[in-house]
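The values are calculated or read from the model by the stated rules, or taken from the named source; none is laboratory data. Computed from a predicted model, the values in this text were never measured in an experiment. Backbone-built Cβ (ideal geometry, glycine too); neighbour counts: all protein chains shown.
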Amino acid sequence: MHILITGGAGFIGSHVIRHFLATYPGYRVINLDSLTYAGNLNNLRDLESMPDYRFVKGDITDAEFLINLFSEYCFDGVIHLAAESHVDRSIADPTAFVKTNVLGTVNLLNAARSSWKGKYDGKRFYHISTDEVYGSLGKDGLFTEETPYDPHSPYSASKAASDHFVRAYHDTYGLPTVISNCSNNYGAYQFPEKLIPLFINNIRLGKPLPVYGKGENIRDWLWVVDHAQAIDVIFHRGKTGETYNIGGHNEWTNIDLIRLLCCIMDRKLGREAGESAKLITYVTDRAGHDLRYAIDSSKLQRELGWVPSITFEEGLEETVDWYLGNQEWLDNVTSGSYMHYYEEMYGSR
Ligand code: NAD
Ligand code: TYD
């Protein structure tokens, strides 16, 4: 089995590669990543010398490069994670999201289609997407696979467009595709622009914790290792042409989550209880900020038997331990261009 994993140097991709190499000896995994600010080969240091793993630096917006790559390797499967992934960056520069998330996905679909030439037996194109394509929920209800798309941010609009293209290639050309839409992930190796690693880093450094609006927005958090496990079962046993929602049944308002994180950090850093929470600073809300995401993952649980393995409290403890045990990783990724981004977003505090 030859698998192409795109975006493998990013947060979720690095966990997926680690999971596949550990679980399926004999699979050959090619990691294609252009190494944007979010891509970091340090996320895969422990895998570099494995004979069945290979890193290829390349950009999915380059159609010709992809055609050549597919003819060189004859992939059996594609797991497509490469994307621009941060909502705030999409508000600042939507075009980069259209290029990578929409055009890049269409380039990959074309390369798979032209390489497989209608011989689809044993082939699979798996597109990794987000629950954000469904828009925002009110106080009640859950996103199911039938919920109509209603994206609000340039990020979610670009992911929605890419999902539509994947479905169109299945319906029009018979390409053997499958899609999953997952809720917010957390865990090791996440770039500290996303809420949890950003706040762990700021608490460690005694910097303000910028809570958007009143902190009342709700997200459904899933441990990234459980997402990688779900990707495994969907890749191997998901039905062609289908969509699967992935989520942890784990809804938190941002402010409750932040308070829990502050408590854990006080304990781990040996600070007085309440010390970290003093850093909470309410700032201007994000434009178009979706109120609530919550996933109904019963289809995945019922049909493929996947369930999350740990509670949020356990996962968050483990995540904090990882960042505090890998402060060099944090220092490396938060130097250089990160500081420029940080100043643009939050000022020089
Ligand atoms: P990430 O930003 O950490 O990683 C993205 C990776 O893609 C990086 O390694 C980057 O270098 C690479 N990349 C970006 N543009 C590229 C290009 N043009 N060509 C090749 N490589 C490129 O993102 P993530 O959080 O790991 O998310 C991975 C996927 O999962 C994305 O498709 C995202 O939409 C989806 N997703 C993420 C979450 C989440 O909570 N993080 C939830 C649901 C779905
Ligand atoms: P984020 O991690 O960016 O994920 P997403 O926007 O894809 O859900 O943000 C999670 C929630 O935290 C979201 O409601 C926005 C909020 N947030 C803040 O309040 N402050 C911040 O500095 C960041 C990055 C996010």
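Contact map, region 124-138: residues that are without any contact (Cβ under 8 Å) to a residue 60 or more places away in the chain paired with residues that are surrounded by 22 or more Cβ atoms within 10 Å (Cβ to Cβ) and in a loop (DSSP other than H, G, I, E, B), Cβ distance under 7 Å, separation 6+ or inter-chain. Pairs shown: Phe125/Leu175. Going by the conditions given, is Ile3 within 22 Å of the chain's Cα centre (by Cα), assigned to a helix (DSSP H, G or I) and either surrounded by fewer than 19 Cβ atoms within 10 Å (Cβ to Cβ) or away from ligand 1 (no atom under 11 Å from the Cβ) (or both)? When the stated conditions are applied, Ile3 does not pass them. Which of the residues spanning region 290-301 are part of a loop (DSSP other than H, G, I, E, B), crowded, with 16+ Cβ neighbours inside 10 Å and away from ligand 1 (no atom under 14 Å from the Cβ)? Answer for region 290-301, where residues must be part of a loop (DSSP other than H, G, I, E, B), crowded, with 16+ Cβ neighbours inside 10 Å and away from ligand 1 (no atom under 14 Å from the Cβ): just Asp296.
As a summary of the residue check, Arg167 satisfies the conditions (1) farther than 29 Å from Val29 by Cβ; (2) surrounded by fewer than 20 Cβ atoms within 10 Å (Cβ to Cβ) except for the one numbered (1).
Please go through region 269-289 and pick out each residue that is touching a residue at least 12 places away in the same chain (Cβ under 8 Å) and part of a helix (DSSP H, G or I). Within region 269-289, Leu269, Ser276, Ala277, Leu279 meet the criteria.
Annotation for region 252-265: no member residue is part of a loop (DSSP other than H, G, I, E, B) and either of a type outside the set (A, V, I, L, M) or closer than 30 Å to Gly174 by Cα (or both). If I filter region 114-133 down to residues being hydrophobic (A, V, I, L, M, F, W, C) and in a helix (DSSP H, G or I), which single residue comes out as nearest to Thr177 (Cα to Cα)? Checking each candidate, the answer is Trp116.
Of all residues in region 48-89, which are in contact (Cβ under 8 Å) with a residue 40 or more places away in the chain, exposed (fewer than 14 other Cβ atoms within 10 Å of the Cβ) and not in a loop (DSSP other than H, G, I, E, B)? Of everything in region 48-89, just one residue is in contact (Cβ under 8 Å) with a residue 40 or more places away in the chain, exposed (fewer than 14 other Cβ atoms within 10 Å of the Cβ) and not in a loop (DSSP other than H, G, I, E, B), namely Ser71.
Residues checked against (1) of a type outside the set (A, V, I, L, M, F, W, C); (2) surrounded by 15 or more Cβ atoms within 10 Å (Cβ to Cβ); (3) modelled with pLDDT under 95; (4) out of contact with any helix residue (DSSP H, G or I) (no Cβ under 9 Å at 6 or more places or on another chain):
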| site | (1), (2), (3), (4) |
| --- | --- |
| Gly7 | yes, yes, no, no |
| Gly10 | yes, yes, no, no |
| His15 | yes, yes, no, no |
| His19 | yes, yes, no, no |
| Thr23 | yes, no, no, no |
| Val29 | no, yes, no, no |
| Leu32 | no, yes, no, no |
| Ala38 | no, yes, no, no |
| Asp46 | yes, no, yes, no |
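A single member of Leu47, Leu32, Leu21, Leu69 is near ligand 1 (Cβ under 10 Å from one of its atoms) and of a type in the set (A, V, I, L, M), and it is Leu32. Restricting attention to region 32-44, the residues that are in a strand (DSSP E or B) and either within 16 Å of ligand 2 (Cβ to nearest atom) or within 25 Å of Gln327 (Cα to Cα) (or both) total 1. Scanning region 223-248 for residues that are surrounded by fewer than 18 Cβ atoms within 10 Å (Cβ to Cβ) and modelled with pLDDT under 95 returns no hits.
Take Val29 and tell me if it is closer than 28 Å to Ala157 by Cβ, away from ligand 2 (no atom under 16 Å from the Cβ) and of a type in the set (A, V, I, L, M). Criteria not met by Val29. Could you list, ordered by first residue, the pairs with Cβ atoms under 6 Å in which the first is in region 206-233 and in contact (Cβ under 8 Å) with a residue 40 or more places away in the chain and the second is among the acidic types (Asp, Glu) and within 14 Å of ligand 1 (Cβ to nearest atom), at least 6 apart or interchain? From residues that are in contact (Cβ under 8 Å) with a residue 40 or more places away in the chain, there are no pairs.
Being part of a helix (DSSP H, G or I) and within 11 Å of ligand 1 (Cβ to nearest atom) is the filter here, so list the residues in region 167-203 that pass it.
Leu195, Ile196, Pro197 - these are the residues of region 167-203 that are part of a helix (DSSP H, G or I) and within 11 Å of ligand 1 (Cβ to nearest atom).
All of (1) at pLDDT 95 or above; (2) more than 10 Å from ligand 2 (Cβ to nearest atom) hold for Lys139 with one exception: (1). What do you reckon, is Arg89 more than 16 Å from ligand 2 (Cβ to nearest atom) and not hydroxyl-bearing (Ser, Thr, Tyr)? Answer is no for this residue.
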